[in-house]
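Below is one structure, written out as structure tokens; comments come after it.
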Amino acid sequence: MSEESAMSLRFDVPYKIIFNWLQTRDVLRCMQVCKSWKAQLSDLHFWKEFIKESFDLTVESDIEKLEGSLYKWSHPDVWACYFRNVDQEDAYVIRPFPSMWKCGVVVPDGLDPMAFDTKRLQGLCRSLDILIHMKEGIKEFGLECGKECSGNEGSNTLSVVLMPWEGDEIIPDKLTVFSKIFQFYQEIWEDQLDQNERFDNKLPFHLVDHVREENKRKSPCLNKVFGRPSSYYWSNCTEHEFIYKRELAFFTWLQNIMVPSRRYIAGSGKMNPVTEFFITKLAPGWVGGILTGETWT
């Protein structure tokens with residue numbers, strides 16, 4: 001075998017393994033195998049190709065396929081506007097309107113994933129791994145905001161959201177999220193910048209009982225956002241035990257991901273449902289988590 005063929009083989013092997021089998025964290029571990037692999041896996045072109053192979057980042061153009069808050073905001077008849085001197089048909093929540101990639105992740109309008117350097121692309125891949133796993137757990141366990149431990153008078157779909165961020169603070173403040181990263185209608189947030197929750201330690205969660213009691217609503221927990229349906233607790237014992245083990249693994253993973261975290265709510269008295277972000281640092285250069293709402297009357 002010629003030296004050129006041997007070199008080509010060495011380059012082909014990790015690419016085939018990586019594109020077919022590995023998640024981002026495993027790819028980063030592969031960089032420690034040898035100098036040749038480290039050089040290949042540090043290449044900007046590699047990460048662009050890895051992203052294309054691993055995630056569908058095509059912008060969803062059909063508004064009927066949008067999810068959660070984006071679907072509601074694009075349909076004036078499914079959210080209520082209380083803005084001053086603005087009719088419902090003329091009202092809007094956010095402009096420019098965010099995008100949803102076909103992998104189900106909400107991002108700011110115009111975000112070009114291929115415009116970043118290698119380090120940021122590595123962080124993007126890791127962030128997408130996290131958010132897609134989060135989305136899968138939300139779907140598997142039927143999680144919605146308002147089903148537990150919440151003053152929410154309804155239940156609201158959980159969307160996963162991703163934002164680029166490099167700043168002095170590990171997580172952007174509410175003003176930055178609502179007026180710079182996303183551009184919400186000013187009346188929604190301008191007098192509500194202090195309605196926030198900051199969590200610097202792990203948030204507790206509970207799985208044994210389905211809880212909506214008033215005293216539980218006052219204590220911070222993951223269930224305030226990731227609320228579970230009560231139907232779990234009327235299933236047979238065998239099914240319940242299986243679900244509980246999977247649910248415990250997911251919530252334990254979630255607890256470790258969402259620290260530190262911030263919960264930002266805006267729109268009280270301005271719109272219904274109000275808008276809610278529950279976000280954390282996902283990877284270097286990226287923050288994200290949940291975009292949802294709460295129904296208040």
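The values are calculated or read from the model by the stated rules, or taken from the named source; none is laboratory data. Being a predicted model, the structure only gives us computed values, none of them experimental. Positions of Cβ are generated from backbone atoms using ideal geometry, with glycine treated the same way; all protein chains shown enter the neighbour counts.
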Looking only at residues in segment 53-73 that are farther than 19 Å from Val93 by Cβ and surrounded by 18 or more Cβ atoms within 10 Å (Cβ to Cβ), which one is farthest from the chain's Cα centre (by Cα)? Ser54
Residue check, Cys145 surrounded by 15 or more Cβ atoms within 10 Å (Cβ to Cβ) and in contact with a Leu (Cβ under 8 Å, 6 or more places away or on another chain): yes
Can you confirm whether Ser159 is at pLDDT 95 or above and closer than 20 Å to Glu144 by Cβ? yes
Number of the exception - Phe50 against (1) surrounded by fewer than 18 Cβ atoms within 10 Å (Cβ to Cβ); (2) touching a residue at least 24 places away in the same chain (Cβ under 8 Å): (1)
Quick check on segment 256-297: of everything there that is part of a strand (DSSP E or B) and free of Cβ contacts under 8 Å to residues at least 60 places away in the same chain, which residue is surrounded by the fewest Cβ atoms within 10 Å (Cβ to Cβ)? Val274
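Each row is one residue, and each column tells you yes or no for (1) free of Cβ contacts under 8 Å to residues at least 60 places away in the same chain; (2) within 27 Å of Asn223 (Cα to Cα); (3) part of a loop (DSSP other than H, G, I, E, B); (4) in contact with a Leu (Cβ under 9 Å, 6 or more places away or on another chain).
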| site | (1), (2), (3), (4) |
| --- | --- |
| Gln122 | no, no, no, yes |
| Arg126 | no, yes, no, yes |
| Met134 | no, yes, no, yes |
| Gly137 | no, yes, no, yes |
| Val161 | no, yes, no, yes |
| Val177 | no, yes, no, no |
